[in-house]
Amino acid sequence: QVQLVESGGGLVQAGGSLRLSCAASGSTFTGVRGWFRQAPGKEREFVAAITSIGTISYADSVKGRFTISRENAKNTVYLQMNSLKSEDTAIYYCAANPTRFFIVSYPTNYNYWGQGTQVTVSS
């Protein structure tokens with residue numbers, strides 16, 4: 001059983017930065033890791049994903065502003081968010097699939113989820 005624990009959300013002004021972390025419990029985790037977000041009244045949407053060998057994919061809306069990375073030895077994935085905009089306001093969820101080793105971007109491709117962390121960007 002994999003448990004994901006997120007941290008790092010909060011309130012920031014537009015143009016500011018935040019760094020989210022997601023730690024996975026258990027033994028070394030080598031599957032794909034992803035970040036999704038969900039704004040009020042909207043569906044959960046893909047933000048970024050990274051494989052254990054460093055293959056990365058981003059949603060077009062965050063390219064050039066967000067950076068995903070991972071420390072395999074710590075079972076931790078990060079999301080560095082720069083130049084934040086009000087439209088980035090959402091609950092951010094980390095996700096994992098220990099049996100997938102390539103990039104996947106649909107929520108149904110992930111079978112483990114964190115509890116979510118609120119990111120609020122004020123304009």
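The values are calculated or read from the model by the stated rules, or taken from the named source; none is laboratory data. These numbers were taken from a predicted model, which means no experiment stands behind them. Because the Cβ atoms are built from the backbone with ideal geometry, glycine has one as well, and the counts that use them run over all protein chains shown. The protein model used for the area step is the full one, side chains on, heavy atoms only, and it has no ligands, DNA or RNA in it. Shrake-Rupley method; radii C 1.70, N 1.55, O 1.52, S 1.80 Å.
Tabulated data for the structure shown
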quantity: Output for the stretch 1-31, where each listed residue is touching a helix residue (DSSP H, G or I) at 6+ places or on another chain (Cβ under 8 Å) and either of a type in the set (Asp, Glu) or under 30 Å from Ser86 (Cα atoms) (or both); calculated: Ala14, Ala23
quantity: Residues satisfying the stated conditions in the stretch 6-40, i.e. open to solvent by 50 Å² or more (accessible area, probe 1.4 Å), farther than 18 Å from Thr51 by Cβ and of a type in the set (Ser, Thr, Tyr); calculated: Ser7, Ser17
quantity: Scan of the stretch 73-123 for residues that are hydrophobic (A, V, I, L, M, F, W, C) and out of contact with any helix residue (DSSP H, G or I) (no Cβ under 9 Å at 6 or more places or on another chain), ordered by number; calculated: Ala73, Val77, Leu79, Leu84, Ala90, Ile91, Cys94, Ala96, Phe101, Phe102, Ile103, Val104
quantity: Among (1) open to solvent by 30 Å² or more (accessible area, probe 1.4 Å); (2) closer than 30 Å to Ser123 by Cβ; (3) in contact with a strand residue (DSSP E or B) (Cβ under 7 Å, 6 or more places away or on another chain), the one test that Asn111 misses; calculated: (2)
